Amino acid sequence: MILAGIAFAPIFPTIVGVTLQNLNRVLYGSIFGIIFAIGLLGGTFIPKLIGNLSVGSTVQQSLPVAAIIAVILLIISLL
């Protein structure tokens with residue numbers, strides 16, 4: 001989880017800045033809250049999904065989920 005936070009930290013300010021760039025300043029707090037909440041949902045549900053997939057097998061067999069999320073994060077950060 002710490003590594004996921006470290007990987008996301010450099011692009012978080014950019015995501016917020018780009019998102020808020022063309023919007024009304026009155027909405028900044030609400031938009032920031034939505035972005036932050038969605039980020040927290042990912043940190044809540046992805047580990048649970050990996051745990052559910054590992055029932056009856058090993059955790060290593062469910063780690064492709066983490067790899068897919070990492071690739072998606074890489075693509076988003078490049079865009």
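The values are calculated or read from the model by the stated rules, or taken from the named source; none is laboratory data. Nothing here was measured: the structure is a model prediction, and the numbers come from that model. All Cβ positions, glycine included, derive from the backbone under ideal geometry; neighbour counts span all protein chains shown. Ligands, DNA and RNA are excluded from the accessible area calculation, which covers all protein heavy atoms including side chains. Shrake-Rupley method; radii C 1.70, N 1.55, O 1.52, S 1.80 Å.
Tabulated data for the structure shown
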item	result
Å² of accessible area per residue within region 35-79, as computed with a 1.4 Å probe and no ligands counted	74
Virtual spin-label span in nm between F12 and L53, 7 Å along Cα→Cβ	2.5
